[in-house]
Amino acid sequence: MPEGHTIHRLARDFRERFGGRKVRASSPQGKFSDGAALVDGQVLSEAEAHGKHLFLGFDGAGWVHVHLGLYGKFTFGTGPAPAPVGQVRLRVEGEGEGEGGDGGGVHADLRGPTRCELITEAEKLAVEDRLGPDPLRPDADPEDAWSRVSRSRTTVAALLMDQKIVAGVGNVYRAEVLFRHGIDPYRPGRGLSRTEWDAIWADLVELMHEGVRNNRIDTVRPHHTPEAMGRAPRVDDHGGEVYVYRRAGMACHVCGEPVRTAGLAARNLFWCPACQPA
């Protein structure tokens, strides 16, 4: 499932490609036909992300709320939009410079989302009220998350994945930030010190902003990069250099011990037992 940096990147892409202009909207698949008809011909006034939720604001029509889930994906293109391929839930088309600066059109196709719906401002606020602070938003208050984490007997690994506590963190950032701070993923939330929580939050802010800039997750420090260590780069369809995520059984970059994995809250957990002692 895409993590929060991907959704913030999508919001930025929509602002750059369609922001402030009237768009054409359709639902070639047909499942969002009514919503697309109301959006069609409206101006894209805003594009926001909160955690893993994307909100596209249209003057006079409300907000298109998208949650990609496990299989959802947006694809962007320039020039005339081609005939739809696959189950396109929503197609957005606009006129303008486009990426190539050639004065042609731009378009975006959404396939396979868990949610694609047209909602009101009040409904948007209700969705956001259910979410925890997002490290990528300037209005995020880590105190809100700390107040829940510090009282909980639940493992810190599970708490970081709970979108009601911290919005936007997924399996990769969860595993990597705990490794970077040497924290056992099975430690209960109330076992964290305030200093440790502040360090985790600050690290998430930095790492996730870098993820937006680079459109990939890199979490290794400069002295652990392939170039610095003389090792082969990571080969993985998720991309990016990481310490433990999807490296089960492989040697830890720091201590050489095998990285471990186990199931936790229906997701695979990765950690180094030597660098993250109980």
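Please treat every number below as a calculation from the coordinates, not as lab data. Just so it is clear, the model here is predicted, and its values are computed rather than measured. Note: ideal-geometry Cβ built from the backbone for every residue, glycine included; neighbour counts use all protein chains shown.
Among the trypsin sites (Lys or Arg not before Pro) within segment 1-95, those in coil by DSSP and having at most 15 neighbouring Cβ atoms inside 10 Å are Arg21, Lys31. Going by Cα centres, segment 200-222 and segment 1-65 are how many Å apart? Computed from Cα coordinates, the inter-centre distance equals 25 Å.
Residues whose amide H comes within less than 5 Å of that of Ala47, counting only those at least five positions distant or on another chain, are Gly57 (H built at 1.01 Å from N in the peptide plane).
Taking Cα atoms only, the orientation of helix 4-18 departs from the longest principal axis of the chain by about 20 degrees. Listed values for segment 70-82 are Karplus-derived 3J(HN,Hα) couplings in whole Hz (6.51 cos²θ - 1.76 cosθ + 1.60, θ = phi - 60°), namely 7, 10, x, 7, 9, 10, 10, x, 10, x, x, 5, x, and x replaces Gly and Pro. In this simple spin-label approximation, Thr154 and Arg12 carry label points 7 Å from Cα along the Cα→Cβ vector, and these lie 3.0 nm apart.
Sparsely packed loop sites in segment 1-66 (the GluC sites (Glu not before Pro) outside DSSP H, G, I, E and B with at most 12 other Cβ atoms within 10 Å) do not occur. Would you list, by chain and number, the lysines whose Cα falls below 23 Å from the Cα of Lys52, excluding same-chain residues fewer than 8 positions away? Within the straight-line cut-off, Lys52 pairs with Lys31, Lys73, Lys124, Lys164.
Hey, what angle do you get for helix 194-214 against the long axis of the chain, alpha-carbon based, 0 to 90 degrees rounded to 10? It is inclined by approximately 40 degrees. The label-point distance for Asp218 and Ala274, in a model that sets each label 7 Å from Cα toward Cβ, rounds to 2.6 nm. Full extension of the chain between Met250 and Asp144 gives 34.5 nm of extra length, using 0.36 nm per residue less the Cα-Cα distance.
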